[in-house]
Amino acid sequence: MSVGAPTVRASRLPDSDRLFGVFTVGATGLLLVTFVLIPLWAILKNSFVTPEGIGLDNFARYFADARFITVVGNTFEVGISVTLTTLVLAYGFAYAIQRTCMPFKGVLRIIALLPVFSPSLVQALGLQFLLGRNGFVNRTFGTEIDIYGFWGIFISDAVYAFPHAFLILSTALAVADARLYESAETLGAGPWRIFRTVTLPGTRYGIASAAFVVFTIVITDFGNPVVIGGNYSVLAVEIYNQVSGQANFAMGAVIGVLLLLPAALAVTGEKWIARRQFASLTSQSVPLVPRPNPARDIAWFAYSVLVALAILSLVAIVIYASFVRLWPYNLSFSLRHYEFDVQNGIQPLWTSISVAIVTALLAIVFVTGAAYANHAFPMRASRILYFLAILPAAVPGMVLGLGYILAFNTPGQPVYLIYDTILIIAVCNVYHYHAQGFLLATTNIKQISSTFDEASATLGATKLRTVWRVTLPMIWPTVLAVGVFFFMRAMVTLSAVIFLITPSTQLAAVSVLYLDDRGALNQAAAFAVCIMATVVAFLVLTQLALRLAGIRGVNLVR
Amino acid sequence: MPLGVSMFLSLRGVTRRFGSVLAVDHVDLDLSEGEFVCFLGPSGCGKTTLLRLVAGLEILDEGEILLEETDLSGLPARKRNFGVVFQSYSLFPNLTVARNIAYGLECRKWAKAKIEARVGEMLDLVHLGQHAEKHPHELSGGMQQRVALARALAPEPSVLLLDEPLSALDAKVRESLRGEISELQRRLGITTIMVTHDQDEAMEMADRIVAMNRGRIEQVGSAEELYWEPATRFVGEFIGRINVLSASELRAGFDGPPGETALAIRPEHVVLSEDGAHSGTVRKVAFLGNTMRLGVEAGGQEIEIEVHGRRRRMNVGDTVTFDLPADRVRRLAVSSR
Ligand SMILES: Nc1ncnc2c1ncn2[C@@H]1O[C@H](COP(=O)(O)OP(=O)(O)O)[C@@H](O)[C@H]1O
Ligand SMILES: [Mg+2]
């Protein structure tokens with residue numbers, strides 16, 4: 001059928017929705033390029049550029065030094081041994097929580113998560129008090145344990161990485177198909193056999209995913225090795241030594257690339273596994289509910305208490321040491337370490353809180369904004385945007401921080417305007433943890449049905465109005481959780497920001513490091529306690545505010 | 001329909017692909033103002049996609065959609081002024097019933113007092129006056145769908161689009177809402193397209209039914225036309241029941257080579273008679289009150305015969321004779337093209 005009547009075209013004015021889409025996607029892309037890609041590029045450039053031109057000279061010089069080869073070896077030694085140990089310990093703990101009927105699961109769970117609330121050097125600090133030269137054990141039992149070196153890093157990083165492994169394994173163990181277990185039982189399989197043939201294979205993706213995550217955390221950790229590594233150096237510490245100690249930026253960049261490679265590989269592996277895991281879940285499985293079994297439950301309870309005590313002891317001894325006159329010689333109670341009469345006094349704690357608040361606010365706007373832009377405006381550029389948004393997961397903090405120095409510490413370019421301010425520190429935090437926040441927000445935005453968007457559009461609303469009136473009111477708990485996550489990270493992070501602080505923008509976590517370095521252990525402990533108290537108080541207050549507002553079931557810690 | 005008469009809403013060669021799937025395949029359709037049209041077809045035939053194309057929620061690959069001679073392509077859903085009701089009520093959960101209904105008016109920057117008056121009017125229209133301040137989750141499914149209807153109608157849209165608005169509701173609510181929607185539509189005289197896979201719903205409510213299959217229109221017509229004069233085998237089989245005659249014995253006397261067209265007759269048009277031209281054996285008997293449905297094997301195929309008001313019992317194994325009245329046997333195209 002062809003009617004020859006001429007038709008009028010509806011007007012094709014620049015549509016405000018399209019403008020909004022181009023703007024949000026463009027702004028997000030620009031920020032990610034500026035604060036992720038350019039610093040990375042600066043690292044790469046500096047590692048390959050030599051006075052003679054572009055080449056591998058810097059790398060050749062690095063590997064010519066036997067000490068540096070040892071450092072690479074050390075990093076992998078710690079990475080692999082801690083990964084294996086943590087996996088086994090955390091698997092047992094997660095199993096006890098998810099698959100037995102032992103008591104006090106709630107408390108044990110919180111203890112397992114404690115290391116998340118403290119800077120990564122607190123574990124090492126606690127270990128010093130416990131097993132150091134003048135530590136509790138050596139003084140009590142007259143032993144001469146030397147904890148500085150491999151074992152110090154091993155223990156403190158195992159504790160530091162524990163909650164991350166626990167969370168992933170706990171999720172993996174939470175979903176199980178009861179029918180599989182029932183059929184295994186009716187076929188006469190014993191508990192060990194069931195574990196090997198059903199439980200373990202059912203959680204293999206979780207195990208692989210946890211392994212990659214722990215490995216990345218351990219090889220990129222800076223706080224614990226710098227405090228307790230002694231002469232046993234790892235790559236993350238070596239970057240710091242080269243840059244802060246000797247101002248050798250080229251060598252810092254080389255080490256950065258060496259650290260970036262395994263981290264990027266591990267993160268790629270983790271993403272690859274995560275996609276398989278998702279595909280293996282079915283909706284028809286019958287959830288497994290553990291049945292009481294006194295002997296088994298008591299055995300697992302004993303194990304869990306032991307693990308929890310180990311984690312708790314490192315935190316408890318830091319708190320204890322902060323309240324004694326002079327560890328370990330005079331153990332009488334004292335509040336004098338909380339006077340903070342050294343250096344900048346208590347100022348770094350306030351700076352940290354300001355940075356954390358700014359970080360949380362920036363993250364709420366830009367990280368949830370990135371998740372929204374990526375979801376609401378599918379364009380050809382979306383895949384690139386998604387890649388840039390999760391790329392920071394593969395970038396170790398020390399590498400990002402060094403990248404910021406190399407890229408932005410040049411007068412005359414725009415970002416230099418905020419250099420040496422708390423804003424650059426907050427921005428660095430936002431992009432350091434961008435991937436985690438972005439994925440959290442994306443998951444939740446995806447869960448709200450697209451028909452709300454469509455219904456809103458057919459009623460005449462612009463995308464901007466839809467965001468304001470419909471989307472935000474539905475996802476605000478997620479937005480809040482993103483803010484809380486970034487606040488917590490900003491309070492405890494050490495690695496990226498250590499390159500960006502100035503005397504006037506000193507942070508609390510860095511103060512702990514400096515105090516420890518000067519041997520002022522009690523004061524370091526007091527400062528660490530202040531950080532942990534701030535994080536916990538912030539969580540409790542937010543939760544309380546939500547309660548008072550009559551809102552329940554918002555999970556702030558993820 | 002005569003050329004030159006301008007239609008209210010016209011679809012011309014409307015096409016939409018998803019990868020290699022042709023969801024909507026060169027659809028031509030004209031609607032006059034105030035008409036109630038149903039898209040009817042099995043699940044996956046492209047009804048929703050076609051409706052979404054009209055709404056502006058999907059982008060046309062080919063063709064054009066004209067509203068009073070104006071091409072709508074390039075006009076986003078937001079600017080079309082079409083009211084849409086979705087299968088899942090999609091009321092905004094954070095807004096009260098009244099605020100939901102006011103939403104479209106606020107988007108159009110109506111004055112406050114005018115909005116308030118219109119919301120009240122719409123609430124009365126769907127008999128939900130006393131629920132204005134409730135939130136959607138406090139209402140039953142049927143009530144939510146009435147709010148959705150009120151919300152879609154409040155901004156005085158030029159076309160109302162409904163995508164299976166009743167299929168999520170239970171049977172009783174569905175029944176009453178059918179009547180309510182039809183009555184509203186007639187009262188407001190609004191041009192309406194409703195998608196459904198339920199033939200009863202389409203036949204009861206629509207002025208015209210658009211029977212769709214695999215992204216194409218098979219036939220457009222009133223319920224009577226589609227029932228009595230199905231154009232294609234698909235329409236005959238989808239709307240009501242029909243026997244397709246494949247046995248050469250039964251086809252005898254009707255010209256035409258088999259394959260290109262199908263010969264078909266509805267079960268109630270087959271006439272049982274003592275001296276019928278064909279004979280067969282009863283294989284199935286279903287007694288349904290005032291009607292009885294027989295499955296009769298004749299000439300190597302099974303024929304369904306519906307008999308009304310017959311007292312005598314029939315048994316499996318009985319031999320019956322019947323006629324296929326020539327004026328009742330329809331010649332159906334295998335497909336519309
Ligand atoms: N967003 C989409 N992406 C890919 N395929 C789609 C999409 N929407 C619909 N389809 C496909 O188009 C065809 C028609 O779908 P739809 O219009 O929903 O049918 P109906 O509403 O008649 O059940 C189906 O084969 C369906 O799988
Ligand atoms: Mg549909």
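The values are calculated or read from the model by the stated rules, or taken from the named source; none is laboratory data. No experiment lies behind these values; they were computed from the predicted model shown. Backbone-built Cβ (ideal geometry, glycine too); neighbour counts: all protein chains shown. In case anyone asks, the SASA skips ligands and DNA or RNA and just uses the protein heavy atoms, side chains included. Shrake-Rupley method; radii C 1.70, N 1.55, O 1.52, S 1.80 Å.
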| query | Which shape class, rounded, prolate or oblate, goes with segment A:387-482 when its Cα gyration tensor gives a ≥ b ≥ c as root eigenvalues, a/c under 1.5 marks rounded, and past that a/b bigger than b/c marks prolate? | reply | prolate
| request: Determine the per residue accessible area of segment A:176-275 with all protein chains present and a 1.4 angstrom probe, expressed in square angstrom. | output: 43 Å²
| remark: Once phi for every residue in segment A:80-95 is put through the Karplus expression 6.51 cos²θ - 1.76 cosθ + 1.60 (θ = phi - 60°), the whole-Hz ³J(HN,Hα) values, with Gly and Pro written as x, are 6, 5, 5, 4, 4, 4, 4, 4, 5, 4, 6, 4, x, 5, 5, 4
| message | Apply the a/c threshold of 1.5 to the C-alpha gyration tensor of segment A:65-311 and tell me whether it is rounded, prolate or oblate. | response | oblate
| said: For a protection proxy built on the mean count of beta-carbon atoms within 10 angstrom, sort B:65-74, A:418-427, A:221-230, A:520-529 highest first, please. | reply: A:221-230, A:520-529, A:418-427, B:65-74
| query | What residue among B:Phe287, B:Phe86, B:Phe322 shows peak mean-square fluctuation when chain B is described by a Gaussian network model with Cα springs under 10 Å? | reply | B:Phe287
| query | Where does each of B:Val220, B:Val316, A:Val72 land when they are ordered by accessible area, with a 1.4 Å probe and the largest first? | reply | B:Val316, B:Val220, A:Val72
| Can you give the average number of partner chain beta-carbon atoms within 10 Å of each beta-carbon in peptide A:445-451, as a whole number? | 2
| query | Amide H of B:Lys134: which non-local residues (sequence gap of 5 or more, or other chain) have their own amide H closer than 5 Å, using H built in the peptide plane? | reply | B:Val97, B:Ala98
| note | Under the rule rounded for a/c under 1.5, else prolate if a/b exceeds b/c, else oblate, using alpha carbon gyration tensor axes a ≥ b ≥ c, chain B is classed as prolate
| What are the lysines whose alpha-carbon lies under 22 Å from the alpha-carbon of B:Lys134, with same-chain residues fewer than 8 places away excluded? | B:Lys112, B:Lys114
| field | Accessible area per residue in Å² at 1.4 Å probe, computed on segment A:458-530 | value | 27 Å²
| said: Quick one: 3J(HN,Hα) in Hz for segment A:447-458, Karplus 6.51/-1.76/1.60 with θ = phi - 60°, rounded, Gly and Pro as x. | reply: 6, 7, 4, 6, 5, 5, 4, 5, 4, 5, 5, 5
| task | Output the Cα-based Rg and Dmax of chain A in Å, rounding Rg to one decimal and Dmax to a whole number. | result | 25.7, 103
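In Å², and per residue, what accessible area does chain B have when probed at 1.4 Å with the other protein chains present?
That works out to 45 Å² per residue.
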| field | Set of lysines with alpha-carbon distance to B:Lys172 below 16 Å, sequence-local pairs under 8 removed | value | none
| task | Mind grabbing the interface size between B and A? I mean buried accessible area, both sides, 1.4 Å probe, in Å² to the nearest hundred. | result | 2900 Å²
| message | Sorting check: for B:15-28, B:291-304, A:498-511, which peptide has the highest mean count of neighbouring beta carbons within 10 Å, and how do the rest follow? | response | A:498-511, B:291-304, B:15-28
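Sort B:Lys109, A:Lys105 by heavy-atom solvent-accessible area, probe 1.4 angstrom, most to least. The partial results should precede the final answer.
Working: B:Lys109 160, A:Lys105 60 Å².
The ordering from most to least exposed comes out as B:Lys109, A:Lys105.
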| field | Pairwise label distance in nanometres, A:Arg380 with B:Lys134, each label 7 Å out on the Cα-Cβ vector | value | 5.1 nm
| said: I'd like the distance separating the alpha-carbon centroids of segment A:165-196 and segment A:202-270, in whole Å. | reply: 34 Å
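Averaging sequence separations of C-alpha pairs under 8 Å and six or more residues apart, then dividing by the length of chain A, give the relative contact order as a whole percent.
Taking the mean separation of contacting Cα pairs over the length of chain A, I get 22 percent.
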| remark: So the carbon and sulfur contribution to the accessible area of the protein assembly as shown, 1.4 Å probe, in percent, is 60 percent
| task | Mind checking which lysines have their Cα closer than 17 Å to the Cα of B:Lys109? Skip sequence neighbours fewer than 8 apart in that chain. | result | A:Lys463, B:Lys79
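Restricting to Cα pairs below 8 Å that are 6+ residues apart, what does the relative contact order work out to for segment B:72-152? Please round to a whole percent.
Answer for segment B:72-152 is 45 percent.
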| remark: Scalar couplings 3J(HN,Hα) for segment B:58-70 by Karplus 6.51 cos²θ - 1.76 cosθ + 1.60 (θ = phi - 60°), nearest whole Hz, x for Gly and Pro, are 10, 9, 5, 7, 8, x, 9, 10, 10, 10, 6, 6, 9
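In what sequence, largest accessible area first, do B:His137, B:His127 appear using a 1.4 Å probe?
Ranking B:His137, B:His127 by accessible area, largest first, yields B:His137, B:His127.
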| query | Between B:Asp318 and A:Ser354, what is the label-to-label distance in nm when each label sits 7 Å out along the Cα-to-Cβ direction? | reply | 9.9 nm
| query | Using alpha-carbon positions, what is the distance between the centroids of segment B:37-95 and segment B:113-133, in Å? | reply | 26 Å
| request: With +1 on each Lys and Arg Cβ and -1 on each Asp and Glu Cβ, and nothing else charged, work out how big the dipole of chain B is about its Cα centre, in Debye to the nearest 20. | output: 880 debye
| Relative contact order [Cα under 8 Å, 6+ residues apart], chain B, whole percent | 17 percent
